[in-house]
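Quick notes on the structure that follows.
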Amino acid sequence: MKLTLKIWRQKSPKDKGRFETYQVEANPHMSFLEMLDVLNEELIARKEEPVTFEHDCREGICGTCGLVINGQPHGPNQGTATCQLHMRFYKDGDIIVIEPYRASAFPVLKDLAVDRSAFDRIIQAGGFISVNTGAPQDGNAIPIEKDQAAKSFDAAACIGCGACVAACPNASAMLFVSAKVSHLALLPQGKVEAKRRAQAMVKQMDAEGFGMCSNITACEAECPKEISVTNIARLNREYLSSSIGTETKV
Amino acid sequence: MSFDSNVPPGPLAEKWTRYRGTMNLVAPNNKRRIEIIVVGTGLAGASAAATLGELGYNVKCFTFHDSPRRAHSIAAQGGINAAKNYANDGDSVYRLFYDTIKGGDYRSRESNVHRLAEVSRNIIDQAVAQGVPFARDYGGLLDNRSFGGVQVSRTFYARGQTGQQLLLGAYQALSRQIAEGNVQMYNRHEMLDLVLAGGKARGIIVRNLLTGELERHAAHCVVLATGGYGNVFYLSTNAMNCNVTASWRATRRGAYMANPCFTQIHPTCIPQSGDYQSKLTLMSESLRNDGRVWVPKKQDDAKAIREGKKTANDIAEADRDYFLERRYPAFGNLVPRDVASRAAKVACDEGLGVAPTGLAVFLDFEDAIMRYGRSKAHSTGMHNPSDAEVRKLGEKVVEEKYGNLFEMYEKITGEDPYKLPMKIYPAVHYTMGGLWVDYNLETNIPGLFALGECNFSDHGANRLGASALMQGLADGYFVLPYTIGQFLSNEIRTPKFDPNAKEFMDAEKDTRERLERMMNVKGNQSVESFHRRLGKIMWDYCGMSRNADGLKKARKMIQELREEFYRDVFVPGSINDYNPELEKAQRVADFFELGELMVVDALNRNESCGGHFREEYQTEEGEALRDDENYAYVAAWEYKGWEEDPVLHKEELVFENVELKTRSYK
Ligand SMILES: Cc1cc2nc3c(=O)[nH]c(=O)nc-3n(C[C@H](O)[C@H](O)[C@H](O)COP(=O)(O)OP(=O)(O)OC[C@H]3O[C@@H](n4cnc5c(N)ncnc54)[C@H](O)[C@@H]3O)c2cc1C
Ligand code: SF4
Ligand code: FES
C-alpha cells in the first residue's frame, strides 16, 4: 500500500518545527514503527536526515514509544501502544499525520522525541515505599487478599509512556500519578506512607507544569494499558484526606 | 592482571556466610568519601545503585535510556525463581543450585551458583517489601508456578509482567536514593570507554546523547550492569537498543570476555515475516505445557501450506509429525530450550517449515482445547455435548491460562490462534557469556565489577527459565554491596580522581576519533544494512548449530564486512547533536569485533554443550556430546585488536559437589 505521511520535523527544542510530507510503500504485515524504519532507510539512502522517534522493546511494555497518530496518542486501537500497532489497520492511499506529544511539561527534543523526565521527578518525590535493602520479614508474613493484589497490579501495569498527558486537553498527569499512588496504597506495605506519598507526588506534578484534571477521561481512553480513572478518585481521596488530616470521604 | 576466581575456602554451603562474616568493611565516614560509578539501570544496575546509595556511598549512575525504568529488564515475562519451598514440594537451596548447574550443562562455577541459590530467598522478601504485586492464591499467600527443566514449583510471577514489576521496585528504590542525593542519575548518557589509571578502573567516558558532548567521569571504581549482547544477531527478542559497547570497551581495555559463544536460542518466538523486520517477539515458555509442536510429514503438504494453498487444519492426523514427542518421549514438548530449538531447525532444514520463509513450525492447542473442554463439560454435568460446545468450553479454559499471550500473538500476526495453530520459530534470547568475574563479581581489571546479564557467571552453557531476573537482583541487592568492600576497603586513602588527568583526556580523545572516523566515511550504505548482514552471518554460522568450516568462513566474512563498514558506511547528521544513527553506528562497530570473538570461541570449543552445538560432536541420535575431559573450563579471552588472535585463558571448573552426567530427555 502507498501511504502519505505528514510528519512533524523539528531540529531541536528551540526550532519552531513544521510538517513535512513523505510517501512510503508499506505492507500490511509491518508494524507502524517498521513502516517508519522503512521510511528512514529511504531517507538515509537519499542522504537526508532520518526522522527521530523513540522506541525500544517494541512489545508495548517499556513505554518508550508514543506518537500522536491522526490526533490520537498511540493511534486508533484501544489498549495498544504505538509499537504494537500494525499496518493492516490502514489501507492504500491513506494519509497519516504523525506528531509528538504536545504538553509543556514534555518539551519536544527533536522531531517526534519528547522529554518525559518530569515523570521520573514525580516518582522521586515519593513514588516508593521507604525500605532499604536488608532482611525484611518473610514475603508471606503479610497475606494479601487475591483481589486486592490484583487491583494493585492493575494500577502497577502503567508503563509511564505519557499518553494520558498527551490525550488530556489540560495536559494533566493525574492518570499516571494516580496509578502509582494506587499501586502502592492498595498494598498493606504501602499504606503506611500513603498520605505523605500522595501529597508529595501531587506537589511535584504541579511544579512540573502539568494541568489540572477536569474529569474529561480522555486519558483512560488512550492509555495503552487501560489504566482506570477510578485510580484518580482514589488519589483524590488520599490527597484530600492527607491535606485535611482526617479520613474524609469525597 | 590477576586471574584467580578467589573462591573462599570451606564447605560449599558455608562459603558465603563465612566469607561475608570476615570481609573487610568500609566505615560510614569513609563511605561518604568514596565514589562509585554504576552503568546500567536494569534489575542488576538499579538494585546495585540503590543499595550502594543506601549504604552511604556516593553513586553516579548512567543509562542510555531516557529513564532508568526503561531498561530491557522491563520486558521479562515469565517469572523469577527462588528456593522458598512455599509449595512444600521438596525444593531447597541445594536443589536450586543443582538444577542450575545441570541446566547449564556443567559449565558454571559451583560456588557462585550456590550463593545465588542462597540469596534467591531474600530477593522475594525484598521485592514484597517494596510493593511488588506478585500473584497470590486465595489464602493471600504468594503463588508459584513451574518452569522448564525442573520438577518443583519455585517460580514467582506477576502475571506476564514479572520483569516490569521487579524493575519498578528497583527503580523506585533508586528514585528514593536520587531524591536523597546519594545517587546522581545521568539519563541519556552512553558509556563509550573505560578509563584505567594505575592498572585500576577509575572512570568512564560517556556521550550525552542529546547534545553529543563527551564527558569524563572519575570514581574509585566502576560497576557495569549493561545487559546482554543478543543483538549481535540483529534479530533477537532483546529490546532494540541492547548492545555490547560497555562490556566490549572494557574488553578492549583488558577485561577478559568469557564464553562469548554461549547464546540461548528460545524455541517459541513469533517467526520473522519480512526483511523489514528488526525485532522478534517471545511467546512465553509456559505455552509448551499445553501446546504440541509439529510439522507435516510430507514436503508437499509443507509446500502447500507455505504457498497458502492449505492450512494446518487440512493436514490429516496421520500426516503430522509431532517431532518432539517422537524424539523425546520422556519429556515430549517440555524438553529444555536448546533441545527444542535444535529440533525445530532440523525439521525446517528438511523442507518441512510452514511459513512462507520456510522457517516455522506449528504450536498447536487443538488437543488442549478439546481436552479441557471435555473435562469442563463433565464437571458441569453436560451430557453428550457437541464438538462445538466442547470447543467453546475448552477455548474458555485456554483463554484463562494464556489469554494475554494469544492476544499478543493475534495483534502481531493477525491470525487467531484459537482457530489455527500458532507458528513459531527459535530466536536469540539471552547470552550466557559475558565479562569474566571472580567470586566478588570483579573482573580481572581491579576495581571493575560486572553484574547481571553482562557477566558470564552463573548459567554455564544454558540458562534455565526465570533465573536471569534472580541473578540480576542477587548480584545487585545482595552480593556486590558486600563484595565491593573487599576492593574499596583498600581505597579509603585514595583521594578523588581528577577527570582532567592524562588517562581521561587520552580516552576521550580516542573516543572522539573513533566517532569521527565513522562520521567521516560518508559512504553509501546504512548502519542498519551492515547490522543486518552481520546478524545473518552470526545466525547462519554461529547460531543454533555450528561447525568448524562454517566458523572459519564466518570469521573471514565478518572481517571483510568490518572493512567494508569503515569504507562505505553512511552516518547522517553530526557528532554534536542528538543523533540516533551515530549511536547505532558505534554499537554495530563493536558488534563486529565481538562477533568475531564469538566465532573464535565457538571454534575453540570442540564439544557440544548447552546452547553451543557443534555438528562434529554429537551422538548417533543427534544429541549434544560434551567433552568434560578437555573442555570443563571457562574460556576467558584477552582481546588483542584486529590484527592479532585473541589469547585464551582457562579457568578450570572444579566440581566437588555434583557429579558430571549426560543430560538425557529421551
Ligand atoms: C523478552 C524477554 C523475556 C524475558 N523473560 C525472562 C523471565 O521471565 N525470567 C527471567 O529470569 N529472565 C527473563 N529474560 C531475561 C532477563 O530479562 C534479562 O537477562 C535481564 O533482565 C537482564 O538484566 P540486566 O540488569 O543485566 O540488564 P538490562 O535490563 O538489559 O539493563 C541494561 C542497562 O544498561 C544500560 N546500558 C547498557 N549499555 C550502556 C552504555 N554503554 N552506557 C550507558 N548505559 C548502558 C541500559 O540503558 C540499561 O539500563 C527475558 C528476556 C527477554 C528478552
Ligand atoms: S497511565 Fe496509561 S497513558 Fe498514562 S503513563 Fe501510564 S500507561 Fe501511559
Ligand atoms: S517500544 Fe516499548 S512500549 Fe513501545
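The values are calculated or read from the model by the stated rules, or taken from the named source; none is laboratory data. Remember, it's a predicted structure, so these values are computed and weren't measured experimentally. Neighbour counts run over all protein chains shown; Cβ positions are idealised from the backbone, glycine included.
Taking segment B:296-349 as the region of interest, the helices (runs of 4 or more DSSP H) fully inside it that hold 1 or more residues being touching a Pro at 6+ places or on another chain (Cβ under 8 Å) are B:299-306, B:337-349. How many of the residues making up segment B:155-187 are more than 16 Å from ligand 3 (Cβ to nearest atom) and either assigned to a helix (DSSP H, G or I) or more than 7 Å from every other protein chain (Cβ to nearest Cβ) (or both)? Selection size over segment B:155-187: 22. Please tell me if B:L480 is crowded, with 24+ Cβ neighbours inside 10 Å, touching a strand residue (DSSP E or B) at 6+ places or on another chain (Cβ under 9 Å) and among the aliphatic types (A, V, I, L, M). In short, yes. Only a single item in (1) within 19 Å of B:S526 (Cα to Cα); (2) away from every other protein chain (no Cβ under 12 Å) is not met by A:V97, and it is number (1).
Looking at B:F504, B:F449, B:F487, B:F497, just one residue is under 22 Å from B:G21 (Cα atoms), more than 16 Å from ligand 3 (Cβ to nearest atom) and surrounded by fewer than 24 Cβ atoms within 10 Å (Cβ to Cβ), and that residue is B:F487. Checking B:A466, B:A474 one by one, the residue that is at positive phi, within 12 Å of ligand 1 (Cβ to nearest atom) and either buried (at least 24 other Cβ atoms within 10 Å of the Cβ) or not in a loop (DSSP other than H, G, I, E, B) (or both) is B:A466 and no other. Scanning segment A:178-199 for residues that are hydrophobic (A, V, I, L, M, F, W, C) and crowded, with 19+ Cβ neighbours inside 10 Å gives A:A179, A:V181, A:L184, A:A185, A:L186, A:L187, A:A194, A:A198. Under the condition of being closer than 20 Å to B:D275 by Cα and modelled with pLDDT of 95 or more, the residues counted in segment A:2-29 number 6. Within segment A:140-159, is there a residue that is among the acidic types (D, E) and within 8 Å of chain B (Cβ to nearest Cβ)? Yes - at least one qualifying residue is present in segment A:140-159. Tallying residues that are among the acidic types (D, E) and under 17 Å from B:S467 (Cβ atoms) within segment B:71-98 yields 1. The one condition from (1) of a type in the set (A, V, I, L, M); (2) within 14 Å of chain A (Cβ to nearest Cβ); (3) more than 16 Å from ligand 3 (Cβ to nearest atom) that B:A255 does not meet is (2). A:G60 meets all of the listed conditions (1) of a type outside the set (S, T, Y); (2) within 12 Å of ligand 2 (Cβ to nearest atom); (3) closer than 22 Å to A:P169 by Cβ but one, namely (3). For segment B:344-367, the set of residues classified as in contact with a helix residue (DSSP H, G or I) (Cβ under 6 Å, 6 or more places away or on another chain), surrounded by 20 or more Cβ atoms within 10 Å (Cβ to Cβ) and of a type outside the set (F, W, Y) consists of B:A347, B:L352, B:V354, B:V361, listed by residue number.
So if I check each of B:L25, B:L52, which one is away from ligand 3 (no atom under 16 Å from the Cβ), part of a loop (DSSP other than H, G, I, E, B) and over 22 Å from B:S467 (Cβ atoms)? That would be B:L25, the only listed residue that is away from ligand 3 (no atom under 16 Å from the Cβ), part of a loop (DSSP other than H, G, I, E, B) and over 22 Å from B:S467 (Cβ atoms). Among the conditions (1) in a helix (DSSP H, G or I); (2) in contact (Cβ under 8 Å) with a residue 60 or more places away in the chain; (3) out of contact with any Phe, Trp or Tyr (no Cβ under 8 Å at 6 or more places or on another chain), B:D540 misses just one, which is (2). Of all the listed residues (B:F62, B:F3), the sole one being within 9 Å of ligand 1 (Cβ to nearest atom) and either modelled with pLDDT of 95 or more or touching a His at 6+ places or on another chain (Cβ under 8 Å) (or both) is B:F62.
Within segment B:55-79, the set of residues being part of a loop (DSSP other than H, G, I, E, B), within 16 Å of ligand 2 (Cβ to nearest atom) and not hydroxyl-bearing (S, T, Y) comprises B:H65, B:D66.
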